[in-house]
Amino acid sequence: SSSATLGITIALATTGVIPFETAAALVLGENIGTTITAFLASIGASTNAKRAAYFHIFFNLVGVFWITLIFHQYMDFITWFMGRFKDITDINVSVLEVVDGKEVLPYPYMTAGIALVHTIFNVTNVLFFLPFTAVAANILNKIVKDKKVMTDKFLTNLDFQMYDSPFAAIEQ
């Protein structure tokens, strides 16, 4: 579960077991991992469900790829952005580091920072892909063809006289 791994990532980061940058990288990996759920759910599902699952995979793979290319600048931006909110006290830290005899947080706003990494990743990707929605839909329509429905094997309508007798309706 991506929610469970995100919770584990936050716990590891806030206790100082992993640094903020590692937590951010894990969040990006969790975004790819969550696509497996949609893909598995699309097996045997409708054509549109398959299209949505395939786009979800593509969306996250492309997003993680370009963020990985600029990862250090992305982390600098997140850190800068978090610095704009110094009055927020999101202290979910159970273990403090001791630096020069003083207790300090490993990262003062770790939980909010991880949430920000995840949120900015998704919002930026949506804004990036938004102009290409029609193009993506056309490509997915070509890749995942509509299923042909055989009308002679499936019930298309029910005779109104059959509503009075449920057994006859089921039979029809």
For Ile18, other-chain or 5+-apart residues with amide H closer than 5 Å (H placed, Pro excluded) are Ala13
Potential lengthening between Phe128 and Ala45 on full extension [0.36 nm per residue; Cα-Cα distance subtracted]: 27.1 nm
Could you compute how fast segment 1-90 diffuses translationally, taking Rh as the Kirkwood radius over C-alpha pairs and applying Stokes-Einstein at 25 °C with viscosity 0.890 mPa s? Give it in µm² per second. 165 µm²/s
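Coordinate-derived values only; no laboratory data. Note that the structure is a prediction, hence the values are computed from the model and not measured.
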